[in-house]
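Structure first, then comments.
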Amino acid sequence: MFDALKEKLSSLFSKLGSKGKLSPEDIDTAMRELRRSLLEADVDFRVAKDFIARIRERASSAEVLRSITPNERISAIVYEELAALMGKAAPLIISPKPPTVILMAGLQGSGKTTSTVKLARHLKGSHNPLVVACDLRRPAAVEQLKVLADGAKVSFFGPEKGNTDVLAVVRGAAKYAEGHLNDVIILDTAGRLHIDDELMGELKSIAEVLPPHEKLLVVDAMTGQEAVNSAKAFHELLGLTGLILTKLDGDARGGSALSIRAVTGIPVKFAGVGENTDALEVFNPERMSGRIMGMGDIQGLVEKVKAAGINETEIKSPGKIAKTFDLDMLLKQFEALEKMGPLEKVMGMIPGMDKIKDFRAEDADAGALKRSKAIIQSMTREERHNPRIIKGSRRRRIAEGSGTSVQNVNQLLAQYEQMKKMFKSFTGSGGGRRLKSLFGFGK
Ligand code: GDP
């Protein structure tokens with residue numbers, strides 16, 4: 001997701017380079033390119049215009065600081081403004097008085113049914129959610145919800161055979177939830193190809209029978225500005241409390257994610273990032289902005305580590321890593337990565353990983369990871385701690401011991417050096433300040 005935009009921004013900033021001072025013309029050119037990149041990512045043009053105006057003003061008035069290049073300064077401003085554009089993180093409302101009722105709405109194919117189960121699965125750790133099939137027009141929809149819910153081990157409530165009264169289902173679900181101590185009820189309502197009066201009437205009467213604490217609209221990020229328009233329309237008729245943006249894993253250009261809140265005023269609460277029912281992320285504007293700017297995603301990584309049940313300290317912030325980074329730590333990182341599942345996703349979250357050319361996510365297949373682990377495991381404690389001593393004969397011994405080649409060993413050591421350099425660049429003189437300026441500019 002956001003790949004094209006990310007690439008454009010990265011090339012824009014590398015063009016600005018490390019100039020000590022930016023002329024008004026430099027800023028003009030940069031703003032023009034930034035505007036073009038946003039429009040190509042399908043950001044609403046009014047939103048893009050205001051956004052550029054804000055950046056231009058801040059970039060022009062930013063005072064010159066010795067330790068920060070103008071380029072870094074502007075990228076920090078863009079990072080901040082991108083996050084501001086997506087608004088403050090808006091957590092899911094959980095009623096202090098159970099049950100919390102969540103109404104899921106959306107056009108057909110948006111990912112509503114899948115997101116219903118994803119949300120239930122997400123809540124399962126701390127709640128006892130019940131998903132309810134309220135789409136009685138398509139028998140297949142009830143079945144689909146049941147199958148997904150069973151797969152995710154989430155409680156399900158559906159209509160009796162032949163029942164076409166959706167309000168009876170909703171009442172039945174409320175009773176069922178009471179009897180089964182379900183403290184969250186998630187209603188998967190009917191989808192439509194277009195918004196129509198009948199659908200809105202149905203949603204409103206469901207909301208009267210069981211007043212929802214959250215009315216979440218599921219929108220498909222791949223549909224770009226259409227997603228924004230349908231959110232606007234649903235909001236006017238229904239008064240939404242949040243959005244779930246789905247298919248952000250695909251080649252959605254990301255424009256809807258960037259502008260939907262600015263246009264509609266509704267916060268994005270979750271992002272769907274895959275077809276499986278575990279592919280749901282809490283939407284965090286700062287983290288998303290960091291990803292777009294290619295700063296990796298420490299926070300996201302830590303969350304993922306937690307979810308995988310691995311000790312959080314195994315993955316640390318770049319600053320902490322730099323101080324103690326040796327091959328033992330690299331081995332630990334590899335082991336942690338292995339436990340975390342789909343590698344491309346995880347690798348994309350590590351800050352700077354996209355900048356290490358020999359360590360591209362697509363190369364990080366499980367085989368390469370195993371090989372790298374074997375190489376480190378064939379080293380002595382001293383070698384792991386002080387890789388500089390690993391010269392010719394040691395390299396040969398390690399290659400033999402790990403069943404790899406000297407070339408593989410060389411590669412791993414080169415990767416290690418690159419990573420170390422990268423982590424150091426965040427902590428060296430002025431670097432801490434640089435990192436701070438990137439993440440917490442102005443504070
Ligand atoms: P509904 O008609 O709105 O209930 O949509 P479904 O839940 O049936 O989803 C439609 C299709 O989109 C299905 O093939 C889902 O697997 C897929 N889908 C849903 N969410 C995501 C997502 O976040 N990423 C991807 N790649 N596919 C998704």
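The values are calculated or read from the model by the stated rules, or taken from the named source; none is laboratory data. Computed from a prediction, not measured in an experiment: that's the story for all the values here. With ideal geometry, Cβ positions are generated from the backbone for all residues, glycine too; neighbour counts draw on all protein chains shown. Ligands, DNA and RNA are excluded from the accessible area calculation, which covers all protein heavy atoms including side chains. Shrake-Rupley method; radii C 1.70, N 1.55, O 1.52, S 1.80 Å.
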Considering every residue within segment 72-94, establish whether at least one is hydroxyl-bearing (Ser, Thr, Tyr), within 16 Å of the ligand (Cβ to nearest atom) and open to solvent by less than 20 Å² (accessible area, probe 1.4 Å). no
Pairing a residue in segment 186-212 that is over 18 Å from Ala174 (Cβ atoms) with any residue that is open to solvent by 50 Å² or more (accessible area, probe 1.4 Å) and among the aliphatic types (A, V, I, L, M), where Cβ atoms lie under 6 Å and the two sit 6 or more apart in sequence or on different chains, gives Met200/Leu237
Among the listed residues Gly179, Gly162, identify the single one that is away from the ligand (no atom under 12 Å from the Cβ) and either assigned to a helix (DSSP H, G or I) or of a type in the set (Val, Ile, Thr) (or both). Gly179
Could you list, in sequence order, the residues of segment 182-211 that are surrounded by fewer than 23 Cβ atoms within 10 Å (Cβ to Cβ), of a type outside the set (D, E, K, R) and more than 15 Å from the ligand (Cβ to nearest atom)? Met200, Gly201, Ser205, Ala207, Val209, Leu210, Pro211
Go through (1) touching a residue at least 60 places away in the same chain (Cβ under 8 Å); (2) on the phi > 0 side of the Ramachandran plot; (3) open to solvent by 60 Å² or more (accessible area, probe 1.4 Å) one by one and return the number of the condition Gly162 breaks. (1)
Scanning segment 270-295 residue by residue, those within 10 Å of the ligand (Cβ to nearest atom) and either in contact with a strand residue (DSSP E or B) (Cβ under 9 Å, 6 or more places away or on another chain) or not assigned by TED's automatic domain parsing to the domain that holds Gly255 (or both) turn out to be Phe270, Ala271, Gly272, Val273, Gly274, Ala279, Leu280, Glu281
Failed condition for Ala173, given (1) aliphatic (A, V, I, L, M); (2) open to solvent by 10 Å² or more (accessible area, probe 1.4 Å); (3) at pLDDT 95 or above: (2)
Hey, Ala48 hits all of (1) buried (at least 19 other Cβ atoms within 10 Å of the Cβ); (2) of a type in the set (A, V, I, L, M, F, W, C); (3) more than 24 Å from the chain's Cα centre (by Cα) but one; which does it fall short on? (3)
For segment 104-153, enumerate the residues that are within 11 Å of the ligand (Cβ to nearest atom), over 27 Å from Lys232 (Cβ atoms) and at pLDDT below 95. Ala140
Among residues of segment 67-112, those that are of a type in the set (Val, Ile, Thr) and assigned to a helix (DSSP H, G or I), counted: 3
Which condition does Leu148 not pass, out of (1) outside any helix (DSSP H, G or I); (2) open to solvent by 20 Å² or more (accessible area, probe 1.4 Å); (3) among the hydrophobic types (A, V, I, L, M, F, W, C), if it passes all the others? (1)
Would you confirm, using the coordinates I've provided, whether Leu16 is over 25 Å from Arg261 (Cβ atoms) and open to solvent by less than 20 Å² (accessible area, probe 1.4 Å)? yes
Helices (runs of 4 or more DSSP H) fully within segment 318-394 counting 1 or more residues that are out of contact with any His (no Cβ under 9 Å at 6 or more places or on another chain), modelled with pLDDT of 75 or more and hydroxyl-bearing (Ser, Thr, Tyr): 366-377
Subset of segment 285-302 (residues that are surrounded by fewer than 20 Cβ atoms within 10 Å (Cβ to Cβ) and at pLDDT 85 or above): Glu286
Val101 fails exactly one of the following numbered conditions: (1) within 16 Å of the ligand (Cβ to nearest atom); (2) open to solvent by less than 20 Å² (accessible area, probe 1.4 Å). What is the number of that condition? (1)
Which of the residues that make up segment 247-269 are among the hydroxyl-bearing types (Ser, Thr, Tyr) and within 14 Å of the ligand (Cβ to nearest atom)? Ser256
Determine which single condition Ile244 fails, assuming it passes every other condition in (1) open to solvent by 20 Å² or more (accessible area, probe 1.4 Å); (2) within 12 Å of the ligand (Cβ to nearest atom). (1)
Single residue of Ala231, Ala262 found to be touching a helix residue (DSSP H, G or I) at 6+ places or on another chain (Cβ under 9 Å) and open to solvent by less than 10 Å² (accessible area, probe 1.4 Å): Ala231
